Amino acid sequence: MNGQNKYEVLRTYFGYSSFREGQEELINGILTGNDVFGIMPTGAGKSICYQVPALMFDGITLVISPLISLMKDQVAALNQAGIYAAYLNSSLTQGQYFKALDYARKGKYKIIYVAPERLLTESFLEFAIHADLSFVSVDEAHCVSQWGQDFRPGYLKIEEFLKKLPKRPIVGAFTATATKEVQQDVVRLLQLSKPRVITTGFNRENLNFFVLHAKDKKAALIRILRTHYGESGIVYCITRKLVEEVYERLSERGLEVSRYHAGMSDDERRRNQEEFTSDRTQIMVATNAFGMGIDKPDVRFVVHYNMPKNMESYYQEAGRAGRDGEKADCYLMYSAQDVHTNQYFIENNRENEELDEKALASVMEKDRERLKKMVFYCHTKFCYRKYMLNYFGEKAKEYCGSCGNCIEKIQTGSVQTKQKKQLVYDTGVLNGRKLLAATGGTKRTAFDNPELYEQLRALRNSLAKELQVPAYVIFTDKSLKEMSMYLPVSRTEMLEIQGVGQTKYDKFGQEFMNVISKFKEEHEVSPAKVYARAKIFAHPQKTPTSIDDK
Ligand code: ADP
Ligand code: ZN
């Protein structure tokens, strides 16, 4: 083990001051030599759970990941944070691959991302057998299970690979999949040995859920986009044809849009995805082919232009919003036609051609049942969040206070007094919220200095372009928002900002501080104000929003 403790690692490399729910238990498990299995929703912060131990072990950590685009972004993010990491997959030319492998042999990398299909190749195996492997982390571990929708045969090779090593490293598995069958498969097929299993709740506090029964969906979509002007969002459509239509409509209005569906060439899809993740376009119109492997943390809204086929798909797709933990809105536009379309897909299911008649009938029956539950969701008069969590087998509060139905109840005063009290109590400050007519968007808590925020974003985007990395790899929206509120102009102040670690400070800190200093001079921000902020700053558990609300 190297000298740094886990808190130092978290602060120095990632710029965070505390662990989130579940992270510390998982890290402790790994550091004490146990296999672990982390089941946490998207955005909970699974990567930190293996990256922190990776930096503390003497040896190398392998991260097995199914997604080439994700590996590239993760490695770019680690490199920017001053961590030696690389990826080995089919996107490299043979020359690049062997060069990377050579560096790996020489011990240049602390963390190596690898595609499962590589594990048993001669060259990789030869490297792995002779390397000092401390830890193997299996990302998206549900891919090992045929129960899930993302089964990857390559994942079945992981166990075989581990068996070939002279000494079995610690193994960690991570997934956001909630179903029991899949979880059992992960433990069994990866042969995790007495794993510590940590499941955090599936609630995503920062997501607000809305259902719109809109007569004119196109008009409703435009209204939503208006409330989210300048923010990144995804619009999911049920068919390719509809993607094209909506895309055309939005482009005609001069909006910066990309599109994505399985009918386009690989090359075109890659380009469009890149446009969106690097913030050159704000809106992505896509079928459900888009998403898995999109590691864009600052997606502020997801619109389902059509009702999806079941709650599992809905939660997964809507869950691509707000991975950075900041508020984000999820809208589902319901129409009776969507029910028919989904029914048609179920009755004409072509994915399961190998199934015999009886098995097929049972699959269809399950699908119909799940569709029914999806339709109920769209029609419930009660809390959407509660419905969802109950569906996934979790208990939930009667009212979340921030979904479409809860907000409406508060505004129309239709909840009974006692419940209302509970509701207000549950949700804390509610008076600031307003249901934005027709769209149901939540009011964003205003943060100070939007002008400065825009300047910082512009700087970030130009640096990203220069370095050819996604913008959030430099700093996330959250970090920039904090900078625009707290106006850090010294090293100490800058390091207090969430997401600013040592290396990023060294690389980018000065440039951002220059912009902030200039802003301060131009706006003559008074010392008193700065001092007041500094005090807030000293108590990070008080979030800026709650202070501004008072
Ligand atoms: P997951 O893989 O579970 O979907 P990620 O690992 O991508 O989630 O993390 C989501 C976001 O949360 C990232 O932007 C990450 O940097 C941030 N994050 C993770 N852990 C923490 C923490 N302890 N404090 C603050 N932010 C964190
Ligand atoms: Zn609610």
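One table, with the values for the structure above:
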| read-out | value |
| --- | --- |
| Whole-Å distance, taken between Cα centres, linking segment 357-402 and segment 287-349 | 14 |
| Anisotropy class of segment 451-506 from Cα gyration tensor, a/c 1.5 cut | oblate |
| Reference-scaled alpha-carbon Rg (2.2 N^0.38 Å with N residues) for segment 140-198 | 1.08 |
| Expected-Rg normalisation [2.2 N^0.38 Å, Cα atoms] applied to segment 91-130 | 1.08 |
| Square roots of 5 times each gyration tensor eigenvalue, C-alpha, segment 287-361, largest first, Å | 29, 16, 9 |
| Lys, Arg +1 and Asp, Glu -1 on Cβ, resulting dipole of segment 110-244 about Cα centre, debye, nearest 20 | 400 |
| FRET E, pair T93, E408, Förster distance 51 Å, beta-carbon r, rounded to 0.05 | 0.35 |
| Computed over the chain: relative contact order in percent, which uses C-alpha pairs under 8 Å that are six or more apart | 15 |
| When each of K108/K180; K218/K296; K381/K478; K194/K358 is checked by Cα-Cα distance, pairs over 28 Å | K108/K180; K381/K478; K194/K358 |
| Square roots of five times the Cα gyration tensor eigenvalues for segment 201-279, Å | 22, 18, 14 |
| Exceeding the 24 Å Cα-Cα cut-off - candidates K110/K167; K72/K99; K409/K481 | K409/K481 |
| Rough spin-label spacing in nm, given labels placed 7 Å along Cα→Cβ, for R491 and E181 | 5.7 |
| Ordering of 183-196, 127-140 by packing [mean C-beta count within 10 Å, highest first] | 127-140, 183-196 |
| Rounded to the nearest 10 Å², the accessible area of T177 at probe 1.4 Å | 30 |
| Carbon + sulfur, % of accessible area of the chain - ligands and nucleic acids excluded, 1.4 Å | 51 |
| Using a Förster distance of 51 Å, the FRET efficiency for K164-D216 (Cβ separation, nearest 0.05) | 0.25 |
| Segment 174-328: antiparallel DSSP beta bridges as a percent of all, rounded to 5 | 0 |
| Cβ-Cβ FRET estimate between Q337 and R280, R0 fixed at 22 Å, reported to 0.05 | 0.05 |
| For segment 174-322, alpha-carbon Rg and Dmax in angstrom | 17.3, 57 |
| Net lengthening on full extension, F392/E126 (0.36 nm per residue, minus Cα-Cα) | 91.4 nm |
| Cα radius of gyration and Dmax for segment 1-76 (Å) | 12.4, 33 |
| Per-residue [θ]222 nm for the chain (sum of -39500 (n - 2.57) over DSSP H runs n ≥ 4, rounded to 500) | -13500 deg cm²/dmol |
| Within the chain, percent of DSSP bridges classed antiparallel, to nearest 5 | 0 |
| Area projected by the alpha carbon convex hull of the chain, averaged over all directions, nm² | 26.7 |
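The values are calculated or read from the model by the stated rules, or taken from the named source; none is laboratory data. Values in this document were obtained by computation on a predicted structure and should not be read as measured data. Cβ atoms come from the backbone with ideal geometry, glycine included; neighbour counts cover every protein chain shown. What goes into the accessible areas is simple: the full protein's heavy atoms, side chains included, and nothing from ligands, DNA or RNA. Shrake-Rupley method; radii C 1.70, N 1.55, O 1.52, S 1.80 Å.
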